[in-house]
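Student: Here it is: the structure, laid out below.
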Amino acid sequence: MLKTVPELVAEARAGLRCVDANTAMQEISENGGTIVDVREPVEVAHLTAPHSVNIPRGVLELKVGEVIPDEAHPIYLHCASGGRATLAAQQLVKMGYEQVVVVTCPADTVKAAQEAFIA
């Protein structure tokens, strides 16, 4: 029997740390880290979270090492709804990244949280 995307996301999320945007920004301000936006470039063009690095989900495994070569560097993943970020986080953990966190809110909430912490 085939699994649905929501089932895959739920299974992946069970083994991951998930936080909201405000928690992510608080942790980044205290301990450092990078927010990685795994949405497609066309989505990012319509709504940019200005302090995020865009690495689309489809090329994440190929590109993340160029941007974040340190496996201990905290990575906070976000997308439009949390599904792609969850599946991306699962892959980064499999690759060996040690501090991978899913930001479980829409991109506009991430943007607002970033702007609030920077102001």
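Student: Any number yet on Rg/Rh for the range 5-118, C-alpha, Kirkwood? The partial results should precede the final answer.
Tutor: Values: Rg = 12.7 Å, Rh = 13.7 Å.
Radius of gyration over Kirkwood radius for the range 5-118 works out to 0.92.
Student: Expressed as a rounded percentage, what relative contact order does the chain have, with Cα pairs under 8 Å and six or more residues apart?
Tutor: Numbers: 186 pairs, mean separation 40.8, N = 119.
The normalised contact order for the chain reaches 34 percent.
Student: Oh, and also: Which Cα, out of MET95, GLY65, ALA14, lies furthest along the positive dipole direction of the chain (beta carbon charges, K/R +1, D/E -1)?
Tutor: Selected residue: ALA14.
Since every read-out is calculated from the coordinates, none of them should be taken as a lab result. Worth saying up front: this structure is predicted, and the values here are computed from it rather than measured. Cβ: placed from backbone, ideal geometry, glycine included. Neighbour counts: every protein chain shown.
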